[in-house]
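A short reminder: the numbers here are calculations on the coordinates, not readings from a lab. Nothing here was measured: the structure is a model prediction, and the numbers come from that model. Ideal geometry is used to build each Cβ from the backbone, glycine not excepted, and the neighbour counts take in all protein chains shown.
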Amino acid sequence: MNVILNDQSLIYLQIAQMLEDGILHGDWGEGAQVPSTNELARTLRINPATAAKGINQLVDDGILYKRRGIGMFVAEGAAARILQKRRAAFYAQFVRPLAAEARRLGLTREETGALLTKAFTEKKEG
């Protein structure tokens, strides 16, 4: 687990996102056990309560479930729930503001769509 925590967001949210990313990338499939609170705390050198808060966030979201005395496991349909949540966030954070700015600039839906198509086909910079 090669994770570098940053100061850009709360640590427990970074833990939750790291676990979600692992689920989406196939590191942990449905029914697989994820690292324990203590493993995360030891590996990332953080307080176990912080690691637990990140894991509990995923339990609340239906991504993980607890098997008492055994550990935390990936719930059935977890990847689909993560994608649904992230797509909703993408819409709220990027698409709605994009549409609002396009309207302010007097762009039509077709012109905005053409700009998106252009952006998708451009080579990645860097």
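Computed about its Cα centre, the charge dipole of segment 1-58 is approximately 260 debye, with only Lys, Arg, Asp and Glu carrying charge at their Cβ. Among Thr43, Leu58, Met18, which residue has its Cα furthest toward the positive end of the charge dipole of segment 11-78, with +1 on Lys/Arg Cβ and -1 on Asp/Glu Cβ? Value computed over the given set: Thr43. If you take the alpha carbon atoms of segment 11-78 and fit the smallest convex hull around them, that volume is 75 Å³ per residue. Restricting segment 76-126 to trypsin sites (Lys or Arg not before Pro) that sit in a DSSP loop and have at most 10 other Cβ atoms within 10 Å of their own Cβ leaves Lys123, Lys124. Segment Ser36..Phe90, full-extension length gain: 16.5 nm, with 0.36 nm per residue of separation and the alpha-carbon distance subtracted. For segment 10-126, the Cβ-based charge dipole about the Cα centre amounts to some 240 debye (Lys, Arg positive; Asp, Glu negative; other atoms uncharged). Where (1) 54, 15, 10; (2) 22, 17, 12; (3) 36, 16, 14 are the candidate values, the label of the one calculated here for semi-axes √(5λ) of the Cα gyration tensor in Å is (3). Just want to confirm a number: the relative contact order over the chain, from Cα pairs under 8 angstrom separated by 6+ residues, in percent. Reported as a whole number, the value is 21 percent.
For Val34, the amide hydrogen comes within under 5 Å of the amide hydrogens of Met72, Phe73, Val74, counting only partners 5 or more places away or on other chains and with H modelled in the peptide plane. For a modelled paramagnetic label at Leu24, 7 Å from Cα along Cα-to-Cβ, the residues of segment 81-102 in reach, with backbone nitrogen under 20 Å, are 81-98.
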